[in-house]
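The values are calculated or read from the model by the stated rules, or taken from the named source; none is laboratory data. Remember, it's a predicted structure, so these values are computed and weren't measured experimentally. For neighbour counting, all protein chains shown are included, and Cβ atoms are generated from backbone atoms with ideal geometry for every residue, glycine included. Note: areas computed on protein heavy atoms with side chains; ligands, DNA, RNA excluded. Shrake-Rupley method; radii C 1.70, N 1.55, O 1.52, S 1.80 Å.
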Amino acid sequence: DDEEEEEEDMSKGAIMRKSGLLLLGGTLLVALFSDPMVDAVASFSTATKIPAFYVSFLVTPFASNASELVSSLQFAKKKRVKNISLTYSQVYGAVTMNNTMCLGLFLLVVWYRNLDWTFSSEVVTTMSSIFALGAITSTRLTFPTYWAIVSLALYPLALALVYFL
(Lines give C-alpha, C1' and ligand atoms only; values in the text may rest on other atoms or scores of the structure.)
Protein backbone atom coordinates (compact mmCIF):
# COMPACT_ATOMS: atom_id res chain seq x y z
CA ASP A 1 0.00 0.00 0.00
CA ASP A 2 2.94 2.37 0.61
CA GLU A 3 4.00 2.05 -3.03
CA GLU A 4 0.53 3.05 -4.24
CA GLU A 5 0.55 6.17 -2.06
CA GLU A 6 4.06 7.07 -3.23
CA GLU A 7 3.07 6.74 -6.90
CA GLU A 8 0.01 8.94 -6.40
CA ASP A 9 2.15 11.69 -4.81
CA MET A 10 4.52 11.92 -7.80
CA SER A 11 3.95 14.77 -10.25
CA LYS A 12 3.65 14.16 -13.98
CA GLY A 13 7.17 15.55 -14.52
CA ALA A 14 8.63 13.28 -11.84
CA ILE A 15 6.93 10.28 -13.38
CA MET A 16 8.30 11.21 -16.81
CA ARG A 17 11.85 11.64 -15.42
CA LYS A 18 11.68 8.35 -13.55
CA SER A 19 10.27 6.60 -16.63
CA GLY A 20 13.00 8.05 -18.83
CA LEU A 21 15.72 6.97 -16.42
CA LEU A 22 14.27 3.47 -16.16
CA LEU A 23 14.07 3.20 -19.97
CA LEU A 24 17.65 4.43 -20.32
CA GLY A 25 18.83 2.00 -17.65
CA GLY A 26 16.98 -0.86 -19.31
CA THR A 27 18.45 0.02 -22.69
CA LEU A 28 21.95 0.06 -21.22
CA LEU A 29 21.37 -3.34 -19.57
CA VAL A 30 20.12 -4.80 -22.86
CA ALA A 31 23.13 -3.41 -24.70
CA LEU A 32 25.44 -4.81 -22.04
CA PHE A 33 23.94 -8.30 -21.78
CA SER A 34 22.55 -9.08 -25.25
CA ASP A 35 25.78 -10.34 -26.82
CA PRO A 36 26.70 -12.54 -23.83
CA MET A 37 23.11 -13.87 -23.85
CA VAL A 38 23.44 -14.91 -27.50
CA ASP A 39 26.75 -16.61 -26.70
CA ALA A 40 25.20 -18.36 -23.70
CA VAL A 41 22.26 -19.62 -25.78
CA ALA A 42 24.62 -20.90 -28.48
CA SER A 43 26.87 -22.58 -25.91
CA PHE A 44 23.91 -24.14 -24.10
CA SER A 45 22.59 -25.40 -27.42
CA THR A 46 25.95 -26.93 -28.34
CA ALA A 47 26.48 -28.49 -24.90
CA THR A 48 23.03 -30.08 -24.74
CA LYS A 49 22.91 -30.96 -28.45
CA ILE A 50 19.49 -29.30 -28.66
CA PRO A 51 18.95 -27.20 -31.81
CA ALA A 52 19.45 -23.49 -31.17
CA PHE A 53 15.94 -22.76 -32.45
CA TYR A 54 14.33 -24.72 -29.61
CA VAL A 55 16.67 -23.33 -26.97
CA SER A 56 15.80 -19.85 -28.23
CA PHE A 57 12.07 -20.51 -28.01
CA LEU A 58 12.13 -22.36 -24.69
CA VAL A 59 14.88 -20.79 -22.56
CA THR A 60 15.22 -17.25 -23.88
CA PRO A 61 11.58 -16.16 -23.36
CA PHE A 62 11.81 -17.01 -19.67
CA ALA A 63 15.08 -15.13 -19.30
CA SER A 64 13.99 -12.07 -21.26
CA ASN A 65 10.56 -11.82 -19.61
CA ALA A 66 11.65 -12.49 -16.05
CA SER A 67 10.79 -8.94 -14.97
CA GLU A 68 7.20 -9.27 -16.23
CA LEU A 69 6.91 -12.62 -14.48
CA VAL A 70 8.14 -11.27 -11.14
CA SER A 71 6.00 -8.12 -11.23
CA SER A 72 2.94 -10.13 -12.33
CA LEU A 73 3.41 -12.48 -9.40
CA GLN A 74 3.75 -9.53 -7.02
CA PHE A 75 0.50 -8.01 -8.27
CA ALA A 76 -1.29 -11.36 -8.15
CA LYS A 77 -0.24 -11.96 -4.53
CA LYS A 78 -2.40 -9.03 -3.42
CA LYS A 79 -5.49 -10.95 -4.63
CA ARG A 80 -7.56 -7.91 -5.55
CA VAL A 81 -9.68 -7.81 -8.69
CA LYS A 82 -7.92 -4.64 -9.87
CA ASN A 83 -4.47 -6.20 -9.37
CA ILE A 84 -5.41 -9.49 -11.05
CA SER A 85 -6.84 -7.56 -13.99
CA LEU A 86 -3.64 -5.54 -14.17
CA THR A 87 -1.62 -8.78 -14.12
CA TYR A 88 -3.58 -10.22 -17.05
CA SER A 89 -3.25 -6.96 -18.97
CA GLN A 90 0.48 -6.84 -18.30
CA VAL A 91 1.04 -10.40 -19.49
CA TYR A 92 -1.18 -9.92 -22.55
CA GLY A 93 0.58 -6.66 -23.41
CA ALA A 94 4.03 -8.21 -23.00
CA VAL A 95 3.16 -11.15 -25.23
CA THR A 96 1.65 -8.91 -27.88
CA MET A 97 4.58 -6.49 -27.78
CA ASN A 98 7.20 -9.23 -27.89
CA ASN A 99 5.57 -11.06 -30.78
CA THR A 100 4.78 -8.07 -32.95
CA MET A 101 7.95 -6.11 -32.26
CA CYS A 102 10.30 -9.06 -32.63
CA LEU A 103 8.59 -10.28 -35.77
CA GLY A 104 8.63 -6.79 -37.26
CA LEU A 105 12.32 -6.31 -36.49
CA PHE A 106 13.09 -9.76 -37.83
CA LEU A 107 11.29 -9.04 -41.11
CA LEU A 108 13.05 -5.67 -41.37
CA VAL A 109 16.49 -7.30 -41.01
CA VAL A 110 15.61 -9.97 -43.59
CA TRP A 111 14.44 -7.31 -46.04
CA TYR A 112 17.28 -4.83 -45.39
CA ARG A 113 20.06 -7.40 -45.68
CA ASN A 114 18.34 -9.22 -48.55
CA LEU A 115 18.59 -12.54 -46.70
CA ASP A 116 17.23 -15.82 -47.98
CA TRP A 117 13.77 -16.52 -46.59
CA THR A 118 13.69 -19.88 -44.80
CA PHE A 119 11.37 -19.04 -41.93
CA SER A 120 7.88 -19.51 -43.35
CA SER A 121 6.83 -22.18 -40.86
CA GLU A 122 8.02 -20.09 -37.89
CA VAL A 123 6.22 -16.96 -39.06
CA VAL A 124 3.01 -18.81 -39.96
CA THR A 125 3.03 -20.51 -36.56
CA THR A 126 3.68 -17.26 -34.68
CA MET A 127 1.00 -15.37 -36.57
CA SER A 128 -1.50 -18.23 -36.12
CA SER A 129 -0.90 -18.21 -32.36
CA ILE A 130 -1.27 -14.43 -32.22
CA PHE A 131 -4.52 -14.44 -34.19
CA ALA A 132 -5.93 -17.40 -32.22
CA LEU A 133 -5.24 -15.72 -28.88
CA GLY A 134 -6.44 -12.38 -30.23
CA ALA A 135 -9.72 -13.94 -31.38
CA ILE A 136 -10.23 -15.46 -27.95
CA THR A 137 -9.37 -12.34 -25.95
CA SER A 138 -11.30 -9.88 -28.09
CA THR A 139 -14.63 -11.50 -27.23
CA ARG A 140 -14.85 -10.69 -23.53
CA LEU A 141 -13.27 -8.92 -20.55
CA THR A 142 -13.31 -11.75 -18.03
CA PHE A 143 -12.55 -15.39 -18.66
CA PRO A 144 -13.25 -18.70 -16.98
CA THR A 145 -10.18 -20.56 -15.73
CA TYR A 146 -10.28 -23.14 -18.51
CA TRP A 147 -9.24 -20.45 -21.01
CA ALA A 148 -5.86 -20.35 -19.27
CA ILE A 149 -5.32 -23.98 -20.27
CA VAL A 150 -6.36 -23.21 -23.85
CA SER A 151 -4.00 -20.23 -23.97
CA LEU A 152 -1.10 -22.14 -22.46
CA ALA A 153 -1.67 -25.03 -24.87
CA LEU A 154 -0.92 -22.70 -27.79
CA TYR A 155 2.79 -22.64 -26.87
CA PRO A 156 3.57 -26.38 -27.16
CA LEU A 157 1.21 -26.54 -30.12
CA ALA A 158 3.21 -23.80 -31.85
CA LEU A 159 6.50 -25.61 -31.18
CA ALA A 160 5.03 -28.83 -32.58
CA LEU A 161 3.78 -27.01 -35.68
CA VAL A 162 7.25 -25.58 -36.33
CA TYR A 163 8.76 -29.03 -35.91
CA PHE A 164 6.34 -30.68 -38.33
CA LEU A 165 6.16 -27.88 -40.90
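Points to keep in mind about this one:
- The phi-based Karplus calculation (6.51 cos²θ - 1.76 cosθ + 1.60; θ = phi - 60°) puts the 3J(HN,Hα) values of the range 47-63 at 5, 8, 6, 9, x, 4, 4, 6, 4, 5, 8, 9, 8, 4, x, 5, 5 Hz, whole numbers, x for Gly and Pro.
- Exposed trypsin sites (Lys or Arg not before Pro) absent - longest run of the chain, DSSP non-H/G/I/E/B, at most 15 other C-beta within 10 Å: 1-48
- For the range 55-73 versus the range 96-163, the gap between their alpha-carbon centres in whole angstrom: 16 Å
- The residue 48 and residue 164 beta-carbon pair, evaluated with R₀ = 22 Å, returns a calculated FRET efficiency of approximately 0.50.
- Axis of helix 66-77 versus longest Cα principal axis of the chain: the two differ by about 40°, to the nearest ten degrees.
- Shape category assigned to the range 63-117 from the gyration tensor of Cα positions, a/c cut at 1.5: prolate
- Ordering 30, 153, 10 by Cα displacement along the dipole of the chain toward the positive end leaves 153 in first place; charges were set at the Cβ atoms of Lys, Arg (+1) and Asp, Glu (-1).
- The chain, accessible surface, carbon-and-sulfur percent (1.4 angstrom probe): 70 percent
- Cut-off 15 Å, label 7 Å out along Cα→Cβ of residue 84, residues of the range 139-165 by amide N: 141-149
- Signed unit charges on C-beta, dipole axis of the range 41-165, positive-most listed residue 111, 124, 57: 57
- Take the chain with all the other protein chains still there, run a 1.4 Å probe, and you get 78 Å² of accessible area per residue.
- Within the range 117-133: backbone nitrogen closer than 19 Å to the residue 100 label point (7 Å, Cα to C-beta): 123-133
- Of the listed residues 58, 157, the order by accessible area with a 1.4 Å probe, largest first, is 157, 58.
- Taking N as the residue count of the chain, its C-alpha radius of gyration divided by 2.2 N^0.38 Å amounts to 1.23.
- For the chain, the longest principal axis of the alpha carbon atoms and the long axis of helix 120-137 meet at an angle near 30°.
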